[in-house]
1. How many residues are touching a strand residue (DSSP E or B) at 6+ places or on another chain (Cβ under 9 Å) and part of a helix (DSSP H, G or I) when one looks only at the range 63-76?
2. Tell me the residue from 60, 33, 15, 25 that is assigned to a helix (DSSP H, G or I) and touching a helix residue (DSSP H, G or I) at 6+ places or on another chain (Cβ under 9 Å), please.
3. So, residue 5, is that one surrounded by fewer than 17 Cβ atoms within 10 Å (Cβ to Cβ), in contact with a helix residue (DSSP H, G or I) (Cβ under 9 Å, 6 or more places away or on another chain) and modelled with pLDDT of 90 or more or not?
4. So which of 199, 143 is within 17 Å of residue 43 (Cβ to Cβ), at pLDDT 85 or above, assigned to a helix (DSSP H, G or I) and under 17 Å from the mean Cα position of the chain (by Cα)?
5. Which of the numbered conditions does residue 83 fail, given that it passes all the others? Conditions: (1) free of Cβ contacts under 8 Å to residues at least 60 places away in the same chain; (2) over 19 Å from residue 199 (Cα atoms); (3) not in a helix (DSSP H, G or I).
6. What is the number of the single condition among (1) at pLDDT 90 or above; (2) out of contact with any strand residue (DSSP E or B) (no Cβ under 7 Å at 6 or more places or on another chain); (3) within 27 Å of residue 36 (Cβ to Cβ) that residue 136 does not meet?
7. Looking at the range 106-130, which of its residues are crowded, with 19+ Cβ neighbours inside 10 Å and part of a loop (DSSP other than H, G, I, E, B)?
8. Just one of (1) at pLDDT 95 or above; (2) closer than 20 Å to residue 163 by Cα trips up residue 65, so point out which.
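The values are calculated or read from the model by the stated rules, or taken from the named source; none is laboratory data. Everything quoted here is computed from the prediction, not taken from an experiment. Because the Cβ atoms are built from the backbone with ideal geometry, glycine has one as well, and the counts that use them run over all protein chains shown.
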């Protein structure tokens with residue numbers, strides 16, 4: 001049964017999340033086999049600021065106090081770094097005024113290809129972090145030119161991944177899960193996820 005909290009940053013929600021994510025079975029520690037590899041931590045988009053503070057508190061205080069090393073990988077920061085390193089800001093800004101929204105999104109999707117750019121960048125960040133668990137943030141800021149369901153399906157890491165997601169979690173009759181990012185129906189956003197909702201643990 002899915003746990004329900006009125007506010008993502010309530011003490012009850014925080015305690016629930018920490019208790020479950022610090023579990024040795026989930027983390028694959030102390031002789032246990034890792035339970036799953038991918039998790040979803042959905043929250044209402046209206047609670048974005050609270051969710052940001054919550055993840056910071058969990059990763060810098062709560063989990064380390066349980067002996068768990070947590071890392072945060074922000075997709076938006078990775079995108080900005082890549083565009084800066086490749087000197088792509090000026091070309092993109094140059095075509096922005098004369099392009100439609102759809103054309104600009106397609107250009108960004110081509111430039112920030114999940115398989116060739118985003119996946120390697122995330123995996124490099126995870127290796128550099130030397131952690132037990134990884135929280136991926138910046139999902140709303142990079143939608144729709146980065147499709148996180150594709151990213152989760154391609155990531156190769158031995159660490160559990162928690163996707164911090166601004167949207168509504170849904171579970172289909174066939175057991176599949178989807179998230180309506182920013183409350184946009186998944187049929188429009190293409191959100192199909194094979195991952196476990198943290199609030200279902």
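1. Step one: filter the range 63-76 for residues touching a strand residue (DSSP E or B) at 6+ places or on another chain (Cβ under 9 Å), giving 63-64, 68-76.
In the following step, the residues that additionally are part of a helix (DSSP H, G or I) were identified as 63-64, 75-76.
Qualifying residue count for the region: 4.
2. Numbers: 60 fails: touching a helix residue (DSSP H, G or I) at 6+ places or on another chain (Cβ under 9 Å); 33 fails: assigned to a helix (DSSP H, G or I); 25 fails: touching a helix residue (DSSP H, G or I) at 6+ places or on another chain (Cβ under 9 Å).
It is 15.
3. Numbers: surrounded by fewer than 17 Cβ atoms within 10 Å (Cβ to Cβ): yes; in contact with a helix residue (DSSP H, G or I) (Cβ under 9 Å, 6 or more places away or on another chain): yes; modelled with pLDDT of 90 or more: no.
Criteria not met by residue 5.
4. Details: 143 fails: assigned to a helix (DSSP H, G or I).
After applying the criteria, what remains is 199.
5. (3)
6. (2)
7. Selection gives 112 alone.
8. Against the list (1) at pLDDT 95 or above; (2) closer than 20 Å to residue 163 by Cα, residue 65 comes up short only on (2).
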